[in-house]
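Student: This is the structure I have questions about; it appears just below.
Where a number appears in this text, it was derived from the coordinates with a stated rule and is not lab data. Just so it is clear, the structure is predicted and the values come from calculations on it, not from any experiment. Glycine also receives a Cβ, built like all others from the backbone with ideal geometry; neighbour counts cover every protein chain displayed.
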Amino acid sequence: MDLIHDKLIRSDKIYWLDRKHRDKHEDSFFDLMDRFVVYLNQTCYTGITGYEFHYALYEKGTFYKKHLDQFVNNKGRAFTMIMYLNIDWKQGDGGELCIYHLDHNQNIAPINGKCVFFKSSELEHEVLLSNQPRLSITGWLKTN
């Protein structure tokens with residue numbers, strides 16, 4: 001899947017995960033997501049039918065401006081999930097996820113092992129300027 005990025009809006013680099021890669025780590029991740037989708041559908045009646053995930057690398061000096069993850073003409077992305085892969089991340093490294101709530105902003109540090117999960121259509125967010133390389137697995141649980 002190829003995407004064209006507007007460098008004024010986002011400057012990350014992405015690499016899509018795919019079972020066709022036959023990578024044992026990606027396959028293990030997909031197995032976990034398959035079980036998670038079954039759990040969400042059985043307990044929360046979410047109607048999730050699929051997902052897509054990619055690695056997102058933010059090199060020093062990169063960002064992603066304020067946006068929603070659900071497209072205007074395609075409502076398929078129901079939930080956003082971000083899993084951080086940054087060992088020894090410290091304050092001042094930047095790259096926080098800024099979530100825009102109605103009455104305040106919430107900054108979440110991209111600390112290794114932390115996972116963020118939210119409705120794709122409801123929370124505007126951005127990735128603040130990263131002062132160090134920042135890596136995550138980012139993706140969407142989809143309903144069509």
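Student: Could you give the angle, 0 to 90 degrees to the nearest 10, between helix 24-44's Cα long axis and the longest principal axis of the Cα atoms of the chain?
Tutor: The angle comes out near 70 degrees.
Student: How large is the charge dipole for the stretch 26-113, taken about the Cα centre, if only the Cβ atoms of Lys, Arg (+1) and Asp, Glu (-1) carry charge, to the nearest 20 debye?
Tutor: Numbers: 7 positive and 11 negative charges, 71 e Å.
Around 340 debye, computed over the stretch 26-113.
Student: Students often get this wrong, so check it: of 24/114; 75/114; 90/114; 7/142; 60/142, which have C-alpha atoms separated by over 24 Å?
Tutor: With Cα atoms farther than 24 Å apart: 75/114; 7/142; 60/142.
Student: Based on the mean of other Cβ atoms within 10 Å per residue, sort peptides 102-112, 60-70, 32-42 so the most packed one is first.
Tutor: Numbers: 102-112: 11.5, 60-70: 15.6, 32-42: 13.2.
Packing proxy ranking, top to bottom: 60-70, 32-42, 102-112.
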